[in-house]
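The values are calculated or read from the model by the stated rules, or taken from the named source; none is laboratory data. Everything numeric in this text was worked out from a predicted model, so none of it was measured. Reconstructed Cβ throughout: ideal geometry from the backbone, glycine too, with neighbour counts over all protein chains shown. Please note that ligands, DNA and RNA were not included when accessible areas were found on the heavy atoms of the full protein model with its side chains. Shrake-Rupley method; radii C 1.70, N 1.55, O 1.52, S 1.80 Å.
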Amino acid sequence: MSLSGRQLRIRGLVQGVGFRPYVWRLAGELGLSGWVRNDGAGVSLGVAGDRIDEFLQRLPLEVPALARIDAIETLAAEIGGEGFVILDSIAGTVATAIGPDAAICPDCIEDICAPVNRRWRYAFSTCTHCGPRFTVSRQIPYDRAQTSLAGFPLCSRCAAEYGDPADRRFHAETTCCPDCGPQLSLLDGEGQPLAGDPLVETLRLLRAGMIVAIKGLGGFHLACDARNAAAVDELRQRKQREEKPFAVMGLNPASLAGLARIDEAEAALLRSAAAPVVLCAKGESELAGVAPGLAWLGVMLPATPLHLLLWHEAAGRPAGTAWLAEASDLLLVMTSANPHGEPLVMANDEARARLAEIADAWLLHDRDIVTRCDDSVLRMTPAGPAFIRRARGYVPLPITLSRGGPSVLAVGGFLKNTVCLLKGKEAYLSQHIGGLDNAAAVGFLEETVSHLLGILDVRPDLVVHDLHPDYPSTHLAASLAGEWDVPLLAVPHHQAHVAAICAEHGLDEPVLGLAIDGVGLGPDGGLWGGELLRLEGGSCQRLGHLSPLALPGGDRAAREPWRMAVSALHGAGFGYRVGGWLNQYYPARDAGPLLTMLARNLRCPPTTSLGRWFDAAAGLLGIRDLMHYEGQAAMELEGLAARHGEVAPQAGSYALREGGAVLDLSPLLPALMGCKENAAYGAALFHATLAAGLAEWLIGAAQREKIKVVAVGGGCAMNALLMAALRSHFEAAGLTLYEARQAPANDGGLALGQAWTARWIFKEMKNVSGNSGAGG
């Protein structure tokens, strides 16, 4: 018997999030008949009955927490059968998305903390509201057979839950229990199993100052007791990570009180399903060696049953969940297990081999990780959360675009690499890949491209890369474009930074862009990094730049702030003051060879980079002469300025030259040299004056160009103090400021801008071709 009804196609994040049982329950409540199923395009369903209109009204309003509806298409149809049923999934053209990994939900926490529950203390409890998705998925549709749980057949009780639409584990593809699911094991330094409960023994080792490699969702962490300074120092020595900050995991914000100032917005972000690392202002106390020299501490909460059970064990295995609100003294350093800057370790054998010189023990499990995915890192700003690294918990959620077009693969840059795939009106930015300075990282880039194309079932219509010809990503792009016989495009680095912001905010009109970072190759072959640009569609015009600084010794200058300080002083005509300044701050350094190089312009390529001005300021103020990781001097400079508080800009300490095209910061140098006894004041003065100079420079250009829309991107746009000051200046001038929000402002968002620009260029090329044909 057939009834007149409706057939619906629902697109979005609707697989693996409990959407079908939600539809089943809603239809049953309203007494409707029909069916629902997963397919390659999302969810399709047929529904018939007297209360269809109420069903259609409520459907998008009561969806499960992890679901996201992007579109609902409906048409009249004859719907057969009685009752409402859930049908088996079918394949098809992929037009849906796999969800990101989600932190353990309250219901699963109750299960693992209830002694009478069969999942009591089980480290792999999941349901449709939580657990791994992206990192265990091989392809769409998101069904168990397509995940790394395929090798764990369900026991009878799990199968009953899986088949019951009224159960929250209905078609939860990663569901399991101690009888049928993955198991933990703990190996010692020789790779031999340790006797006893793996969680009990892991906690014992951590309390004893040992370093344990712990297998998580998207890879391994290296963990140690964050309160044990000797253990933290040993981890630094073994990982060869001298001063770069570590993240700390605590049970809850109360456990981090005194160490980090966590406001309500930051606490909500920590407790979200994404469960990222959040940079918070340090408190009055500090964990020795964890984040030296910085004003912020990266904190995170346990996101998986496995991690949470370590705190449960430390609390004495309490029944119930009341203990979750209490402060715990257990704080663990949780740093990515990526030795020597190589990709994150994800396989058991790989961990034993690559972490042999670092870990004292390995807490393993036998559920495979299909794709690596590091922890996401964010910080809260007055404009909302801002990504520093976008990965676990957010990938592969798409960024919605204002327009569709050809499918585009963009392969990013060299540092903080990510790739981006445009498909229709969605941009899929990959997880953080990192620097491409070793063969393993390049292999990870290739794996990521393959996996992203596979789960989205796309073959790109064009491939795009950075302008730099020697980047491994550039070589990969050329190889793939040749293999697929599709066009290959290059997009300048700084245009891509601004274009990424245009992409996520849907800016199609002319935009003034400020691209501020360390360095990138410009179209003229120069080393850019402080650029005033005008973007419209795929075109980019350079309106101005920062006054150039010489890089004495080339790339070495980017690692040694004292060199940049000498360069800035020499370039401003203060070379005669270098000797006296150097004797005060860095008496072991000899400026003679540098001054000779600068005078003769030997191995001193010029750059317009704002990042190098930050380095020069840090060097001048005596903050540091040598950096141990990228951006260290600028981060410490920002931290000092934040601790000091706001100051007024120094009058006359910058100049606009060449008709307002060039911003010269060298007039500020004498004032910074006078801050020997108060480097924090000097840091605050640098930030305030820089912001005033950048604002006046850009506001002048906005008036000349008659543009009121401004986008600021690049690594220096991650400086919270600078961006807060620019926000204030632009608001007062009546300009609308757009910032990176759904992608990192640094090179982690570069691929999004490349892809967006390539679409515009491709469209403009086709228009020109079409017009030429029409006129011929």
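Just one of the listed residues (36, 43, 23) is modelled with pLDDT of 90 or more, in a helix (DSSP H, G or I), within 22 Å of residue 141 (Cα to Cα) and open to solvent by less than 20 Å² (accessible area, probe 1.4 Å), and it is 23. The conditions of being under 29 Å from residue 147 (Cα atoms) and either touching a strand residue (DSSP E or B) at 6+ places or on another chain (Cβ under 6 Å) or of a type outside the set (A, V, I, L, M) (or both) are not met by residue 414.
Selection within segment 443-452: residues that are of a type outside the set (Ser, Thr, Tyr) and buried (at least 19 other Cβ atoms within 10 Å of the Cβ). The member of this set that is farthest from residue 524 (Cα to Cα) is 451. The residues of segment 481-500 that are assigned to a helix (DSSP H, G or I), closer than 20 Å to residue 523 by Cα and hydrophobic (A, V, I, L, M, F, W, C), listed by number, are 496, 498, 499, 500.
Please enumerate the residues belonging to segment 61-80 that are out of contact with any Pro (no Cβ under 6 Å at 6 or more places or on another chain) and open to solvent by less than 60 Å² (accessible area, probe 1.4 Å). Before the answer, list the steps.
Of the residues in segment 61-80, the ones out of contact with any Pro (no Cβ under 6 Å at 6 or more places or on another chain) are 61-68, 70-80.
Result: 63, 64, 66, 67, 71, 77, 79, 80.
The combined condition, being under 28 Å from residue 266 (Cβ atoms), open to solvent by 40 Å² or more (accessible area, probe 1.4 Å) and either acidic (Asp, Glu) or free of Cβ contacts under 8 Å to residues at least 60 places away in the same chain (or both), is not fulfilled by residue 366. Counting the residues of segment 189-210 that are farther than 30 Å from residue 137 by Cα, open to solvent by less than 50 Å² (accessible area, probe 1.4 Å) and modelled with pLDDT of 95 or more gives 6.
Scanning segment 169-186 for residues that are closer than 14 Å to residue 199 by Cβ and among the polar types (S, T, N, Q) yields 183, 185.
Flag: residue 401 matches the condition of being under 27 Å from residue 762 (Cα atoms) and at pLDDT 95 or above. Quick check on residue 277: is it among the aliphatic types (A, V, I, L, M) and touching a strand residue (DSSP E or B) at 6+ places or on another chain (Cβ under 6 Å)? Spelling it out, residue 277 is indeed among the aliphatic types (A, V, I, L, M) and touching a strand residue (DSSP E or B) at 6+ places or on another chain (Cβ under 6 Å). Scanning segment 472-503 for residues that are under 20 Å from the mean Cα position of the chain (by Cα) and within 13 Å of residue 750 (Cβ to Cβ) yields a total of 10. Within the option set 595, 602, being open to solvent by 20 Å² or more (accessible area, probe 1.4 Å), without any contact (Cβ under 8 Å) to a residue 12 or more places away in the chain and either within 29 Å of the chain's Cα centre (by Cα) or under 23 Å from residue 557 (Cβ atoms) (or both) holds for one residue only, 602. Counting only helices (runs of 4 or more DSSP H) wholly contained in segment 611-710, the ones carrying 3 or more residues that are open to solvent by 30 Å² or more (accessible area, probe 1.4 Å) and more than 22 Å from residue 581 (Cα to Cα) occupy 632-644, 679-705. Residue count for segment 720-742, restricted to those that are surrounded by 19 or more Cβ atoms within 10 Å (Cβ to Cβ) and either polar (S, T, N, Q) or free of Cβ contacts under 8 Å to residues at least 12 places away in the same chain (or both): 1.
Could you say whether any residue in segment 460-478 is modelled with pLDDT of 95 or more, open to solvent by 10 Å² or more (accessible area, probe 1.4 Å) and within 18 Å of residue 98 (Cα to Cα)? The answer is no, given that none of the residues of segment 460-478 is modelled with pLDDT of 95 or more, open to solvent by 10 Å² or more (accessible area, probe 1.4 Å) and within 18 Å of residue 98 (Cα to Cα). Of everything listed in (1) in contact (Cβ under 8 Å) with a residue 24 or more places away in the chain; (2) touching a Gly at 6+ places or on another chain (Cβ under 9 Å), the single unmet condition for residue 118 is (2). Over 26 Å from residue 376 (Cβ atoms), in contact with a helix residue (DSSP H, G or I) (Cβ under 8 Å, 6 or more places away or on another chain) and modelled with pLDDT of 95 or more: does that describe residue 736? So residue 736 passes the test.
Pairing residues of segment 180-193 that are in contact (Cβ under 8 Å) with a residue 12 or more places away in the chain with residues that are of a type in the set (Gly, Ala, Ser) and part of a strand (DSSP E or B), at Cβ distances under 9 Å and at least 6 apart in sequence or on separate chains, gives 186/361; 187/361; 188/361; 189/361.
Only residues that are among the hydrophobic types (A, V, I, L, M, F, W, C) and closer than 13 Å to residue 433 by Cβ: list them for segment 443-485, please. The answer is 444, 445, 449, 452, 476.
The numbered conditions (1) open to solvent by 20 Å² or more (accessible area, probe 1.4 Å); (2) under 27 Å from residue 71 (Cα atoms); (3) hydroxyl-bearing (Ser, Thr, Tyr) are all true for residue 381 except (2). For segment 711-725, residues that are in a helix (DSSP H, G or I) and in contact with a Cys (Cβ under 8 Å, 6 or more places away or on another chain) total 1.
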